[in-house]
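Quick notes on the structure that follows.
Since every read-out is calculated from the coordinates, none of them should be taken as a lab result. Given the structure is predicted, the values throughout are model-derived calculations rather than measurements. Neighbour counts are summed over all protein chains in view; Cβ atoms, including those assigned to glycine, are modelled from backbone coordinates with ideal geometry.
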Protein chains: 2
Amino acid sequence: MGKGEQTRQAILDEAFSLASCVGVGGLSIGMLAERTRMSKSGLFAHFGSKEELQLAVLRESQMRFAEVVLRPALRQPRGLARLRAVIVNWLDWTRAVNLPGGCVINAAAAEFDDQPGPLREEVKNALLALRRSLGELVARAIESGELRPDTDIEQFVFELNGIYQATQQNRRLFNDQDADRRALLAFDRLVRDNAEIHAKE
Amino acid sequence: MGKGEQTRQAILDEAFSLASCVGVGGLSIGMLAERTRMSKSGLFAHFGSKEELQLAVLRESQMRFAEVVLRPALRQPRGLARLRAVIVNWLDWTRAVNLPGGCVINAAAAEFDDQPGPLREEVKNALLALRRSLGELVARAIESGELRPDTDIEQFVFELNGIYQATQQNRRLFNDQDADRRALLAFDRLVRDNAEIHAKE
DNA sequence: GACAAGAACGAACGGTCGTTCTATAAAGCG
DNA sequence: CGCTTTATAGAACGACCGTTCGTTCTTGTC
């Protein structure tokens, strides 16, 4: 890895955790230059524009997510166990990597959801990819017979996302220590409702 | 209402819908002055500081929420019907009032959750108040026998919040037309699980 | 070690930011 | 009406923004 790639990565490392606190939109070249002890112009040259830097941070975030959340779960047997592992990893991946201010992409989703442009598209694609991954995990759990064949996959993923959002808000805004437990309770209820055959009332 | 109050309200009206698009943190005196056709300093004098303006927007948002979401639901009989009415109102209150860019407070929650200060506290209190309202609605539904006595109220509210967050993201980022339907499906499942007596497996 | 390519710097630009000050205009009141 | 209070305007401030430019220093290559 040449010198250029090396410092570029160092910048991204810093930008990654900085963006966690101030948001991708709140990143500033000046602040970033200060933290990396570089000149503004020197840093700037690595990206060509602020937007390109922001996109790079989002892509960096996606890569780390795949490494930290999705990949380790492959050690679990496919089906419900693997799905559950992803959820558990997902719930505290902001603690695993250096994200003192929460998931960058998730914050960016709220930030750019009504501002058309490349950033919004990047966020959209990242979250779409996650949903597809989750959808496939659910599909495998159906195939293995752990979930009912008529399980509504999209609905399942929709609710998984809700659980995640609620957990993050509880943790970050209210310092709720029970957030993880609540999340798993909700997850188990979701699984149960799509696994059992219910007794009709 | 004197002239001062009048223009102050006009400013807040504009700030309210502007904040919906750019976030409470993204508000700027200059832009707001332009939109209201006032001078920056003239507008500024009504609040004394930007932070005070932002707080005013958050309070304005709370008031409108109570008027548009909570109050109309009082027409429903107490219990599950009223809870459901609140949820329905909640889900599309950003359409009812002028919020082209989504709920201001909800966006602010993600924006300020890791930036200590009065804004964070205001957001926190607003969301806390909402949770208390929801909690009471759930408690009434327990009293009326529509939900089981052992219903975990906090968990119930936790999941309600999740449903809301997921709905907003689906609508705003993915233009998902089915978001509302999904939300109500999730809500009904939540109610069902806390109402029926399940057959033990 | 010479030389070209790439990396980093420092200064400067035009803009916007929130805020302050002073002066003028309007509103409210007797 | 006149007088006081209040509201608004305008110009200016220092700070920071993203970006550009020319220069200098550091790499990597023959």
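Among the residues of region A:1-25, what is the count of those that are within 15 Å of DNA strand C (Cβ to nearest atom), more than 14 Å from chain B (Cβ to nearest Cβ) and of a type outside the set (Lys, Arg)?
13
Just a yes or no: is a residue in region B:63-74 in contact (Cβ under 8 Å) with a residue 60 or more places away in the chain and under 30 Å from B:Ala33 (Cα atoms)?
Yes - at least one qualifying residue is present in region B:63-74.
Please work out which residue is farthest from DNA strand D (Cβ to nearest atom), limiting yourself to region B:11-36 and to residues that are more than 16 Å from B:Ser61 (Cβ to Cβ) and of a type in the set (Gly, Ala, Ser). Explain how you work it out, then say what you get.
Residues of region B:11-36 more than 16 Å from B:Ser61 (Cβ to Cβ): B:28-31, B:33-36.
Those still in the list that are of a type in the set (Gly, Ala, Ser) too: B:28, B:30, B:33.
Numbers: B:Ser28: 12, B:Gly30: 9, B:Ala33: 7 Å.
Among those that are more than 16 Å from B:Ser61 (Cβ to Cβ) and of a type in the set (Gly, Ala, Ser), it is B:Ser28.
Evaluate the following for A:Pro149: is it exposed (fewer than 14 other Cβ atoms within 10 Å of the Cβ), without any contact (Cβ under 8 Å) to a residue 24 or more places away in the chain and not acidic (Asp, Glu)?
yes
For region A:26-38, state whether one or more residues are within 14 Å of DNA strand C (Cβ to nearest atom), within 14 Å of another protein chain (Cβ to nearest Cβ) and touching a helix residue (DSSP H, G or I) at 6+ places or on another chain (Cβ under 6 Å).
No, region A:26-38 has no match at all.
Which members of region B:1-46 meet the condition of being over 20 Å from B:Ala107 (Cβ atoms), touching a residue at least 12 places away in the same chain (Cβ under 8 Å) and part of a loop (DSSP other than H, G, I, E, B)? Before you say what the answer is, go through the steps one by one.
Here is the first cut: in region B:1-46, the residues over 20 Å from B:Ala107 (Cβ atoms) are B:1-10, B:30, B:33-34, B:36-46.
Add one more test, that the residue is touching a residue at least 12 places away in the same chain (Cβ under 8 Å), and what stays is B:4, B:7-8, B:10, B:36, B:38, B:43-44, B:46.
Those that are over 20 Å from B:Ala107 (Cβ atoms), touching a residue at least 12 places away in the same chain (Cβ under 8 Å) and part of a loop (DSSP other than H, G, I, E, B): B:Thr36, B:Met38, B:His46.
For region B:75-105, how many residues are away from chain A (no Cβ under 14 Å), more than 24 Å from B:Ala33 (Cβ to Cβ) and in a loop (DSSP other than H, G, I, E, B)?
Within region B:75-105, residues that are away from chain A (no Cβ under 14 Å), more than 24 Å from B:Ala33 (Cβ to Cβ) and in a loop (DSSP other than H, G, I, E, B) number 5.
Collect the residues in region A:182-197 that are part of a helix (DSSP H, G or I), more than 9 Å from chain B (Cβ to nearest Cβ) and over 16 Å from B:Ala166 (Cβ atoms), keeping them in residue-number order.
Of everything in region A:182-197, those that are part of a helix (DSSP H, G or I), more than 9 Å from chain B (Cβ to nearest Cβ) and over 16 Å from B:Ala166 (Cβ atoms) turn out to be A:Leu184, A:Asp188, A:Val191.
Looking at A:Leu130, is it of a type in the set (A, V, I, L, M), away from chain B (no Cβ under 14 Å) and surrounded by 20 or more Cβ atoms within 10 Å (Cβ to Cβ)?
Numbers: of a type in the set (A, V, I, L, M): yes; away from chain B (no Cβ under 14 Å): no; surrounded by 20 or more Cβ atoms within 10 Å (Cβ to Cβ): yes.
So A:Leu130 does not fit the description; no.
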